[in-house]
1. Please list 3J(HN,Hα) in residue order for segment 78-91, calculated via the Karplus relation 6.51 cos²θ - 1.76 cosθ + 1.60 where θ = phi - 60°; whole Hz, with x for glycine and proline.
2. Summing +1 for each Lys or Arg and -1 for each Asp or Glu, what net charge is found among the other residues whose Cβ lies under 15 Å from the Cβ of T187?
3. With θ taken as phi - 60° and the coefficients 6.51, -1.76 and 1.60, list the Karplus ³J(HN,Hα) couplings across segment 188-194 in order, rounded to whole Hz; mark glycine and proline as x.
4. Can you give the helix-only mean residue ellipticity at 222 nm for the chain, where every DSSP H stretch with n ≥ 4 adds -39500 (n - 2.57) and the sum goes over all residues, rounded to the nearest 500 deg cm²/dmol?
5. In whole Hz, with x marking every Gly and Pro, tabulate ³J(HN,Hα) for segment 92-97 from phi via Karplus 6.51 cos²θ - 1.76 cosθ + 1.60, θ = phi - 60°.
6. Among DSSP beta bridges whose residues both lie in the chain, state the antiparallel percentage, nearest 5.
7. Go ahead and run the numbers for FRET between T101 and A28, Cβ-Cβ distance against an R0 of 35 Å, rounding to 0.05.
8. Please report the net charge: other residues with Cβ closer than 11 Å to the Cβ of M79, K and R +1, D and E -1.
Amino acid sequence: MAPNMRAGHRGTGPGAITPDGCAVELYARLPVREEPDVVAAAVPQGARILELGCGVGRVTRPLLERGFAVTAVDESPEMLARVRGARTICAPIEELDLGETFDAVLLASFLVHAGDAEVRRALLRTCVRHLAPGGRVLIQREGADWHTNVPRERVDPSGCTVRIVSAEPVGDGVNSVHAEYAFPDATWTHTFLTRPLTKEQFEEALAEAGLRVDEYLTEDGVWVRAVRAE
Ligand SMILES: C[S@@+](CC[C@H](N)C(=O)[O-])C[C@H]1O[C@@H](n2cnc3c(N)ncnc32)[C@H](O)[C@@H]1O
């Protein structure tokens, strides 16, 4: 394992790989999906948004285009080098303390399912630490059958075949998921640890951090708006 890799996370394929196993070149190719629409409908116009785990800025860019002021955070300098137009911060989210607050904090990409519960707690504490009074945390969580409906595949609009090949229990309620992203000219793999959370477990995790669900934003329960529990 490369020294900077997070335990249980691996990635293969052309170009730089982040500590959590993501491929920079892959994320530079993947188109944005529903994310900007969901965010735009859930936060005030022109909001100041702290985006945690922004990658190459796949979601950042459409948010900037819609007039949001985005501060984009990632621990991978190679990812951040691709972000255009936003203020960027290179740091592990767990340790982030900017000494300022935002109208909205975005914790997408299923980061709330961190295999290590201490990491999840730290991620959620970072969200709360950066929340302005009345601010919202937008969280993207896994769908209900994501670990049981395996193997499965879909073809992305970019022409990429995305395959979730396996989800194997590795103990303590954590699964090791293996995914493949195949384009005609290149293939990437991503192996990562993820902790399935029922709705109840998810809400407990929020409560632990002093947050509560304000609204499930999508019918599948994947996108959630949370606020301070107060
Ligand atoms: C799956 S990629 C998604 C990137 C972006 N959110 C998107 O949807 O295109 C996850 C990104 O989060 C970053 N990341 C994961 N865990 C992190 C952590 N604890 N601290 C900082 N960055 C993290 C990775 O480096 C990677 O760029």
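1. Result, ordered by residue: 5, 5, 4, 4, 8, 6, 10, x, 10, 5, 10, 10, 9, 6 Hz.
2. Its environment carries a net charge of -2.
3. 10, 10, 9, 10, 8, 8, 8
4. -5500 deg cm²/dmol
5. Once rounded to whole Hz, the list reads x, 4, 3, 9, 5, 8.
6. 65
7. Efficiency at R0 = 35 Å is approximately 0.70.
8. -3
FYI, it's all coordinate maths here, none of it is from the lab. Nothing here was measured: the structure is a model prediction, and the numbers come from that model. FYI the Cβ positions are ideal-geometry reconstructions off the backbone, even for glycines, and counts take in every protein chain you see.
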